[in-house]
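> The structure that follows is given in the form of structure tokens.
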Amino acid sequence: MEWTEDGIVLAARAHGESALVVSLLTAGHGRHAGLVYGGASTRQRPLWQPGNRVRTEWRARLADQLGSFKGELLTAHAARALDDPQALAGLLAACATLDAALPEREPHPALFEGVAALLGALGHDGWPVIYVHLELGLLQELGFGLDLEKCAATGVTEDLAYVSPRTGRAVSRSAGEPYKDKLLALPAFLAARSGAQTADVLVGLALTGYFLERHVFWPHNKPLPPARDRFIETLQRLSTTNSG
């Protein structure tokens, strides 16, 4: 059994003295793991950094075996983010969240394209907004998509300000005002496709984090990835600096 496809490295874990078990996201084979012989060597280790796009060949004797990877670096996103702590934190958070949330070997081509878009945007204005949309896309792909197009109570499409934590549906400001303490905040950039400040992105991450935790991680007794927490802490420091 074998295939060749572009993959985005999600994680690389040591295996024995010199090998790595690498987790990739591909368009056609989903999240897929493989053994990289000699992957921990000085020559190969930079190739298998989270976020890198790699042309990968997978081989195994049987389809259900772990198999092995060989790869060629296409885009060194990890190295490009090293000098930008915020971008690096976002890259690591995205990779860790996808690696922990996605079932293995289920294709999600739209999600692959979303990750590629995020990685390409790192360091440019507005990329944290793309990150929030990536997590919304992850929820959608896993069957827990949010309905943010109209108010669940009245059907209006304007001035949407809240989300029901029970249904994941948007609620307008007027309809939700009496119950706002029980609702989740919906940032304007998700409701009206407007611009976003760092504080708005943090509200968006609180929203997606709630539903990821509830639907994806809690049922498997897993916490949200620490890398995601560190990304949020990085944004919080930036928000505090900007408001100071």
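Since every read-out is calculated from the coordinates, none of them should be taken as a lab result. Keep in mind the model is a prediction, meaning the values are calculated, not measured. Quick reminder, even Gly has a Cβ in these numbers, built from the backbone with ideal geometry, and neighbours come from all protein chains shown.
> If you keep only loop residues by DSSP, which GluC sites (Glu not before Pro) in the range 108-213 have at most 12 other Cβ atoms within 10 Å of their Cβ? Present the calculation step by step, with values, prior to reporting the outcome.
Working: sites: GLU113, GLU135, GLU141, GLU149, GLU158, GLU213; in loops: GLU149, GLU158.
Qualifying residues, ordered by number: GLU149, GLU158.
> Sticking with this one: Sum -39500 (n - 2.57) across every DSSP H segment of at least 4 residues in the chain, then divide by the residue count to get the 222 nm mean residue ellipticity, nearest 500. Could you put the intermediate results ahead of the total?
Details: 8 runs with 90 residues, N = 244.
Mean residue ellipticity at 222 nm (helix-derived): -11000 deg cm²/dmol.
> What shape does the range 125-244 have by the C-alpha gyration tensor, where a ≥ b ≥ c are the square roots of the eigenvalues, rounded means a/c under 1.5, and otherwise prolate means a/b greater than b/c and oblate the rest? Could the numbers behind the result be given before it?
On the way: a/c = 1.73, a/b = 1.17, b/c = 1.49.
Taking the square roots of the gyration eigenvalues as a ≥ b ≥ c, the range 125-244 is oblate.
> Roughly how compact is the range 2-80, stated as its Cα Rg over 2.2 N^0.38 Å to two decimals? Spell out each step's value before the answer.
Numbers: Rg = 11.4 Å, N = 79, 2.2 N^0.38 = 11.6 Å.
Rounded to two decimals, the normalised Rg is 0.98.
> So how much slack lies between TRP3 and THR157, counting 0.36 nm per residue of separation and subtracting their Cα-Cα distance, in nm?
Numbers: separation 154, 0.36 × 154 = 55.44 nm, distance 4.56 nm.
Once the chain is fully extended between TRP3 and THR157, it gains 50.9 nm.
> Hey, another quick one. For the range 104-120, just list the computed ³J(HN,Hα) in residue order, Karplus coefficients 6.51, -1.76 and 1.60, θ = phi - 60°, integers in Hz, with x standing in for Gly and Pro.
My calculation for the range 104-120 gives 7, 6, 10, x, 9, x, 5, 5, 4, 5, x, 5, 4, 5, 4, 4, x Hz in order.
> Cα centroid distance between the range 57-80 and the range 91-144, in Å?
What the calculation gives is 19 Å, centre to centre.
> Whats the longest run of the chain with zero trypsin sites (Lys or Arg not before Pro) that are DSSP loop and have at most 15 other Cβ atoms within 10 Å? List each step's numbers first, then the result.
On the way: sites that count: ARG43, ARG61, ARG105, ARG166, ARG193.
Result for the longest clean stretch: 106-165.
> Using +1 on the beta carbon of Lys and Arg, -1 on that of Asp and Glu, and nothing else charged, what's the dipole of the range 1-101 about the Cα centre, debye to 20? Could you put the intermediate results ahead of the total?
Details: 10 positive and 10 negative charges, 31 e Å.
Here the size comes out at about 140 debye.
> Can you give me the Cα centroid spacing of the range 1-48 and the range 188-235 in angstrom?
27
> What is the set of long-range amide H partners of ARG31 at a cut-off below 5 Å, with H atoms built 1.01 Å from backbone N?
HN-HN under 5 Å from ARG31: THR26, ARG105, GLU106.
> Moving on to the next point. When DSSP beta bridges are limited to those with both residues in the chain, what percentage is antiparallel, rounded to the nearest 5?
90
> Also, I was wondering about something else. Longest span of the chain, sites excluded, free of chymotrypsin sites (Phe, Trp or Tyr not before Pro) in DSSP loop with at most 15 other C-beta atoms within 10 Å? Could the numbers behind the result be given before it?
Numbers: sites that count: TYR37, PHE144.
By the stated rule (loop sites, at most 15 other Cβ atoms within 10 Å), 38-143.
> Can you give the FRET efficiency for HIS220 and ASP181, using 1/(1 + (r/R0)^6), R0 = 35 Å, r = Cβ-Cβ distance, to the nearest 0.05?
Using R0 = 35 Å, I get an efficiency of 0.75.
> In vacuo Debye scattering of the range 80-187, one point per C-alpha: log10 I(q)/I(0) at q = 0.12, 0.20 Å⁻¹?
-0.53, -1.01
> Could you work out the relative contact order of the chain? I mean the mean sequence separation of Cα pairs under 8 Å and 6+ apart, divided by the number of residues, in percent. Intermediate values should be presented prior to the final figure.
Details: 443 pairs, mean separation 38.4, N = 244.
Relative contact order of the chain: 16 percent.
> If you put +1 on each Lys and Arg Cβ and -1 on each Asp and Glu Cβ, how big is the dipole of the chain around its Cα centre, in Debye rounded to 20? Don't skip to the end; give the middle numbers.
Values: 23 positive and 26 negative charges, 78 e Å.
Taking the Cα centre of the chain as origin, the dipole is about 380 debye.
> For the chain, build the charge dipole from Cβ charges (+1 Lys, Arg; -1 Asp, Glu) around the Cα centre, then report which of GLY204, PRO107, HIS133 sits farthest towards its positive end.
In the chain, that residue is PRO107.
> Another question, if that's okay. Give the value in nm², to one decimal: projected area of the alpha carbon convex hull of the range 17-146, averaged over all directions. Present the calculation step by step, with values, prior to reporting the outcome.
Values: hull surface 33.3 nm².
The Cα convex hull of the range 17-146, projected and averaged over all directions, gives 8.3 nm².
> May I have the extent of the alpha carbons of the chain along their three principal axes, as whole Å values ordered from largest to smallest?
60, 41, 28
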